[in-house]
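Please read the structure below before turning to the comments.
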Amino acid sequence: MISGKQEKGSTIKVAVLASGRGSNFEALCRGKTGNGRIALLISDNEKAEILQKASASGVEALYMSPGKYRTKFEESEEMEWVRLMRSRGIELVCLAGLMRIIKGPMLEEYNGRILNIHPSLLPSFPGLNAQKQALDYGVRITGCTVHYVNAGVDTGPIILQKTVHVADDDTVETLSGRILQQEHLAYSEAVKLHCGGVLAVDGRRIFKRKI
Ligand code: GAR
């Protein structure tokens, strides 16, 4: 899989998919994303705070049904999401707190062009409640990871990671807050790298091409 084949300098339309608060979406909108332009937000949750935030920021924001399942898409619904993104010319998909597994049509259409942010240093603590998992385990350093999405849960090739020290008096809330600050920096940086066409993926390893 080789990503980032787009021409240097051309604008890449980015869709953000999210379920809740939307702070990573906001950070992406105001961050330095290089050729990447946040053009669309889709939420699987009608009540998500992020829907109001997106409208206020001038980005097209939509609720779309994910279908009847709780943690994955119904295939026909996932296809609808893909059609909508295709119709808007979306070339990169960023998952930002989307609490749902991407498997079928979206992964086929956007293979190598879906990013996810996760609040731990993967491969440690994948899945839900990553910050609590880190605290309970007793690690002294944790952080966040931006990676390409593959068919597994939080298992795709890693683009970049940022570290956060765990303090003796940390709670899940305080630790999550400091990780979130790093997430906001990491996500824009990763989008910029992808959209700059400089990333080459070789198996699990990602290299920055010299161009
Ligand atoms: C972020 O901490 C993100 O890393 C996490 O959900 C939060 C969304 O916050 N994602 C996952 O845990 C995915 N496995 P936000 O809605 O404020 O961007």
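Nothing in this text is a laboratory measurement; each read-out follows from the coordinates by a stated rule. None of the values given here were measured: they were computed from a predicted structure. Note: ideal-geometry Cβ built from the backbone for every residue, glycine included; neighbour counts use all protein chains shown.
So here's what we get for this one:
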quantity: Sparsely packed trypsin sites (Lys or Arg not before Pro) within the range 88-189, loop by DSSP, other Cβ within 10 Å at most 15; calculated: 88, 103, 140
quantity: Computed lengthening from residue 137 to residue 13, 0.36 nm per intervening residue step minus Cα-Cα distance; calculated: 40.7 nm
quantity: Label-point separation in nm, residue 86 to residue 32, each point 7 Å along Cα→Cβ; calculated: 3.7
quantity: Computed lengthening from residue 192 to residue 71, 0.36 nm per intervening residue step minus Cα-Cα distance; calculated: 40.6 nm
quantity: Residue-averaged 222 nm ellipticity for the chain, from DSSP H runs of 4+ at -39500 (n - 2.57), nearest 500; calculated: -9500 deg cm²/dmol
quantity: Segment residue 52-residue 172, extension gain: residue separation times 0.36 nm, minus the distance between their alpha carbons; calculated: 40.5 nm
quantity: FRET efficiency, residue 21 to residue 200 (Cβ-Cβ, R0 35 Å, nearest 0.05); calculated: 0.55
quantity: Calculated over the chain: convex hull of Cα atoms, volume per residue (Å³); calculated: 116
quantity: Relative contact order for the chain, counting Cα pairs under 8 Å that sit 6 or more residues apart, in percent; calculated: 25
quantity: The range 29-110: C-alpha gyration tensor shape, a/c 1.5 cut-off, then a/b vs b/c; calculated: oblate
quantity: Share, in percent, of DSSP beta bridges within the chain that are antiparallel, nearest 5; calculated: 45
